[in-house]
Amino acid sequence: MTILVTGATGHVGRHVVDQLINRDADVRVLTRDPGKADFPSGVDVVQGDLLDIDSVRAAFAGIRTLFLLNAVSGDEFTQAIITLNLAREAGIERVVYLSVFEADEAVNVPHFAVKYGAERMLEAMGFSTTILRPTYFIDNEAMVKDVIVQHGIYPMPIGSKGLAMVDARDIAEVAAIELIRRDAAAGKLPIETINIVGPDTLTGEDIAAIWSDVLGRSIAYGGDDPSGFEQNMARFMPRWMAYEMRLMAERYVSHGMIPKPGDRSRVTALLGRPLHSYRDAAQTLAAA
């Protein structure tokens, strides 16, 4: 049967498509702009989005397994509610859902709370689900690279508790493994939650030290105060989203994103290889 991937043109989704193709899966994607999607010829592309009911119904025809990824947006929860109702309407029972680490605890961070709401829907509606809970994406560091390189400051206020940042490629490969497993199962499998974490738990000072090594000059950590970070984010994203990023940063400072016992070994065992590291990503960004 065919696996449908939403969010297929983003950091994680595109890697999910690649991983599924490498595993000889039949793949369909739902995208707003097929002309910009640039997928291999074997991928079935449906134009639309998660608030376009007719396009979602068309995308769901003949689908058994769904990868549901909602980007952070003002209507993210509405998208999730509609999509899961339409999935049930179409007879789709098997879902891999991209949530976020400790979604059930960071209730004041909007996109964390939204994802926990979707998790509860998946459970209450009886889907056969793998819930993926990744930590902060290493890939997001591309947004602050210029500040690091040009001004000598690591600006993300992540505090001293530590974040086990994770590479999108690791998230995507776990997603593909779970999609194939659920799609191939003879029947419904029980709901499972997988924390997807990086190999190192790093503080703001740790990350500044890595950049200092990579660039060969001193990089300072900008500190834990999120107010300046919020103002900088507001220059290139909606004001509400910049405020949400501030709330997320405050959560990082107060609690970090620290793996639970067994998280790293579970993900490493699933992948059968080491996890991608922050240092490798910083070296790649610096070279680019």
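The values are calculated or read from the model by the stated rules, or taken from the named source; none is laboratory data. Remember, predicted model here, so these are calculated numbers, not experimental data. With ideal geometry, Cβ positions are generated from the backbone for all residues, glycine too; neighbour counts draw on all protein chains shown.
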> Failed condition for Asn85, given (1) in contact with a strand residue (DSSP E or B) (Cβ under 6 Å, 6 or more places away or on another chain); (2) farther than 19 Å from Pro259 by Cα; (3) of a type in the set (S, T, N, Q), with all others met?
Replying inline: (1)
> For the subset of the range 122-142 comprising residues that are surrounded by fewer than 15 Cβ atoms within 10 Å (Cβ to Cβ) and under 19 Å from the mean Cα position of the chain (by Cα), which member is nearest to Arg169 (Cα to Cα)?
Replying inline: Asn140
>> With the requirement that a residue be modelled with pLDDT of 90 or more, in a helix (DSSP H, G or I) and among the basic types (Lys, Arg), what does the range 1-39 give you?
In response: Arg14
> Only one residue in Leu270, Leu275 is within 18 Å of the chain's Cα centre (by Cα), more than 24 Å from Glu76 (Cα to Cα) and assigned to a loop (DSSP other than H, G, I, E, B). Which one?
Replying inline: Leu275
> Listed residues Arg64, Arg88, Arg57; which is over 25 Å from Arg169 (Cβ atoms) and either touching a Ser or Thr at 6+ places or on another chain (Cβ under 7 Å) or in a strand (DSSP E or B) (or both)?
Replying inline: Arg64
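Condition check: acidic (Asp, Glu), under 17 Å from the mean Cα position of the chain (by Cα), on the phi < 0 side of the Ramachandran plot and modelled with pLDDT of 95 or more. Does Glu119 satisfy that?
When the stated conditions are applied, Glu119 passes them.
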> Here are some residues: Val114, Val174, Val147, Val166. Which one is under 11 Å from the mean Cα position of the chain (by Cα) and surrounded by 15 or more Cβ atoms within 10 Å (Cβ to Cβ)?
Replying inline: Val166
> How many residues are part of a loop (DSSP other than H, G, I, E, B), of a type in the set (A, V, I, L, M, F, W, C) and touching a strand residue (DSSP E or B) at 6+ places or on another chain (Cβ under 9 Å) when one looks only at the range 40-54?
Replying inline: 2
>> I'd like the full set of residues that are farther than 16 Å from Asp200 by Cα and among the aliphatic types (A, V, I, L, M), limited to the range 159-185.
In response: Ala172, Val174, Ala175, Ala176, Ile177, Leu179, Ile180, Ala184, Ala185
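Rundown of residues vs (1) under 27 Å from Val17 (Cα atoms); (2) among the polar types (S, T, N, Q); (3) at pLDDT below 95; (4) assigned to a helix (DSSP H, G or I), yes/no style:
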site	(1), (2), (3), (4)
Met156	no, no, yes, no
Arg169	yes, no, no, yes
Ala172	yes, no, no, yes
Gly187	yes, no, yes, no
Pro190	yes, no, no, no
Ile210	no, no, no, yes
Asp213	no, no, no, yes
> In the range 75-87, how many are free of Cβ contacts under 8 Å to residues at least 40 places away in the same chain, surrounded by 15 or more Cβ atoms within 10 Å (Cβ to Cβ) and not hydrophobic (A, V, I, L, M, F, W, C)?
Replying inline: 2
> Looking at the range 226-240, which of its residues are part of a loop (DSSP other than H, G, I, E, B) and surrounded by 13 or more Cβ atoms within 10 Å (Cβ to Cβ)?
Replying inline: Pro226, Ala234, Met237
> Can you pull out the residues in the range 140-167 that are of a type in the set (Gly, Ala, Ser) and closer than 23 Å to Asn232 by Cβ?
Replying inline: Ala142, Gly152, Gly159, Ser160, Gly162
> Which of the residues that make up the range 224-271 are at pLDDT 90 or above and among the aromatic types (Phe, Trp, Tyr)?
Replying inline: Trp240, Tyr243, Tyr252
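Per-residue answers, yes or no, for (1) within 30 Å of Tyr243 (Cα to Cα); (2) free of Cβ contacts under 8 Å to residues at least 60 places away in the same chain; (3) not hydrophobic (A, V, I, L, M, F, W, C):
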site: Ile3; (1), (2), (3): no, no, no
site: Thr31; (1), (2), (3): yes, yes, yes
site: Pro34; (1), (2), (3): no, yes, yes
site: Ser73; (1), (2), (3): yes, yes, yes
